[in-house]
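The values are calculated or read from the model by the stated rules, or taken from the named source; none is laboratory data. For clarity, every value in this text was computed on a predicted model and none was experimentally measured. Here the Cβ is made from the backbone with ideal geometry for all residues, glycine too, and neighbour counts use every protein chain on show. Heads up: the accessible areas ignore ligands, DNA and RNA and are worked out on the full protein's heavy atoms, side chains in. Shrake-Rupley method; radii C 1.70, N 1.55, O 1.52, S 1.80 Å.
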Amino acid sequence: MADKYDFMIVGAGFAGLVLAERLSSQLGMRCLVIERRDHVGGNAHDLYDEAGVLVHPYGPHYFRTNSDRVRAYLSRFTEWHPVTYKVQSYTGGRYWSFPVNLGTYEQLIGREATEAEFKAYLEEKRVPIENPKNSEEVVVSQVGWELYEMFFLGYTLKHWKIHPKDLAASVTARIPIRTTRDDAYLREDFQALPRDGYHRLFENLVEAAMPVTILLDTDYFKVRSKFECDHLIYTGAIDRFFEYGLGRLPYRSLLFERESFTPEALTDRLSISGKPGFWQPEMQVNYPNDHDFTRIVELKHATGQAISNSTIIREYPASLEETQEPYYPVPNDESKAMYKRYAEVADARSDVSFVGRLARYRYYNMDQVVAMALKEFDRLAQRIRPAEALNG
Ligand code: FAD
Ligand code: UDP
């Protein structure tokens, strides 16, 4: 006979683990979590590499949020290490202040300038477009062609293999453009990393979800007949769930190349990094026009880890076929239309909740996924215990 659970949860990323914790600790539900990888945490997983440096193996995960609920909830499982995430862009043989700000303009004209001068420059260069419809229009309507071609066109083509004209406006709109000297990469009020790493945060979530059962190294589609459940929570790719019946959704993927440096090797980089013990000048350097990689991340800048070695990770864009890892949904009109058809079928399934970045096919950040999982918990809790007021 098949093992029976109240909830079967596919995927142990933020979406799956938050729901496992809530359902188990608040409602006493028996949960089974099935995870294909050999660890929990999904793409937000982090680890100490061979040199002892804390790294993000699936790309840098900069936690940020404007949601009090998400922050309060996650703060039960971690302390925080506040960070202002800093990024530079490398093009034309030099490092540029990025995202575009007054400092970038000063580098461009080769002298100090005022905010008023920069605003006048932008006013002259920007292309007047009232409602930017795509990722090219969003940028040129703010900064004009010159800065767009320096920083955005090549990066976007490399990352997505799609012209910015054919990508939703929301993609490049993620990047702020400022006329002040503020060069923070992100806009949200709260920006911090889990003080002891995401892996510790996830361990604490799992601990709080006890007696949850977690099966690692297990593909749901290979074992599903072995288990029974009252309700399924699915956080994998939505098109896979429906056996691609409505078409294959496009995804973009990445390959990661890790390189570690000894303190001696880092000494040789001092003229470039400007900081002893580091390989590059900031946590992240974007390469819009040079090389096959899009960015190099040296997380030690952000974690503040006291260690004399350092590790960098280069990110190479790749197709889904190359890696089998659907890291990015591709936001454009065609994929939106296809997803909408999947969502209609998904929403008709009262026995399944589709939660998270892959199941909802949206370019969500971590906090948005946590918010979605908490909201789905509220909905399920209402269904299971309508009379009880649940806190949390
Ligand atoms: P995931 O983390 O993808 O977890 C889904 C899990 O389901 C995976 O572990 C997968 O192995 C598992 N799974 C899928 N199918 C199956 C199956 N058939 N059987 C068993 N298991 C299965 N967000 C930020 O807020 N800040 C950032 O700086 C940031 N940077 C990012 C950088 C990169 C390169 C990427 C790819 C994402 C980034 N994100 C960032 C987004 C962040 O990763 C997601 O918002 C978050 O991890 C989504 O959580 P999730 O649970 O929905 O999905
Ligand atoms: N982008 C760009 N140049 C940059 C940084 C970003 O053109 O130097 C564009 C690119 O299309 C990218 C999008 O803005 O995919 C969002 O960038 P973000 O850094 O938020 O990407 P993520 O960390 O999600 O990969």
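Is the range 9-124 rounded, prolate or oblate when judged by the Cα gyration tensor, a ≥ b ≥ c being the square roots of its eigenvalues, rounded requiring a/c under 1.5 and prolate requiring a/b larger than b/c?
Cα axes put the range 9-124 in the prolate bin.
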*Can you tell me the relative contact order of the chain? Whole percent, Cα pairs under 8 Å, sequence separation 6 or more.*
26 percent
_Where Asp290, Asp38 fall by accessible area, highest first, once all protein chains stay in place (1.4 Å)_ = Asp38, Asp290
*Stokes-Einstein D for the range 260-311 at 20 °C, 1.002 mPa s, Kirkwood Rh over Cα pairs, in µm²/s?*
189 µm²/s
*the chain: DSSP helices with Cα axial extent of at least 18 Å and average Kyte-Doolittle hydropathy no lower than -0.5*: 14-27, 366-384
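Net charge around Val355, counting only other residues with Cβ within less than 13 Å of its Cβ (Lys, Arg = +1; Asp, Glu = -1)? List each step's numbers first, then the result.
Working: positive: Arg22, Arg349, Arg357, Arg360, Arg362, Lys375, Arg379; negative: Asp347, Glu376, Asp378.
Once positives and negatives cancel, what remains is +4.
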*Would you calculate, for the chain, the mean residue ellipticity at 222 nm contributed by helices, counting each DSSP H stretch of 4 or more residues as -39,500 (n - 2.57) and dividing by all residues, to the nearest 500?*
-9500 deg cm²/dmol
_Zone residues, the range 1-25, relative to Arg385, backbone N less than 20 Å from point 7 Å out along Cα-to-Cβ_ = 5-9, 17-25
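What order do Arg30, Arg314 take when sorted by accessible area (1.4 Å probe), most exposed first?
Arg30, Arg314
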*Ranked by accessible surface with a 1.4 Å probe, highest first, in what order do Cys229, Cys31 come?*
Cys229, Cys31
*Amide H neighbours of Ile9 under 5 Å, at least 5 residues apart or on other chains, H built in the peptide plane: list them.*
Leu32, Val33, Ile34, Ile233
*Answer rounded, prolate or oblate for the range 188-257, using the Cα gyration tensor with square roots of eigenvalues a ≥ b ≥ c: rounded when a/c is under 1.5, else prolate when a/b is larger than b/c, else oblate.*
oblate
*asked:* Quick check: net charge around Arg240, other residues with Cβ under 14 Å of its Cβ, Lys/Arg +1 and Asp/Glu -1?
replied: +2
*If we restrict to alpha carbons, what Rg and Dmax does the chain come to, in Å?*
22.3, 76
*If you average the sequence gap of Cα pairs under 8 Å that are 6 or more apart and divide by the length of the range 259-392, what percent do you get for the contact order?*
15 percent
*Name the longest site-free stretch of the chain, where the excluded sites are GluC sites (Glu not before Pro) in a DSSP loop with no more than 13 other beta-carbon atoms within 10 Å.*
244-387
*For the range 1-71, what relative contact order do you get, as a whole percent, if you take Cα pairs closer than 8 Å and at least 6 residues apart?*
26 percent
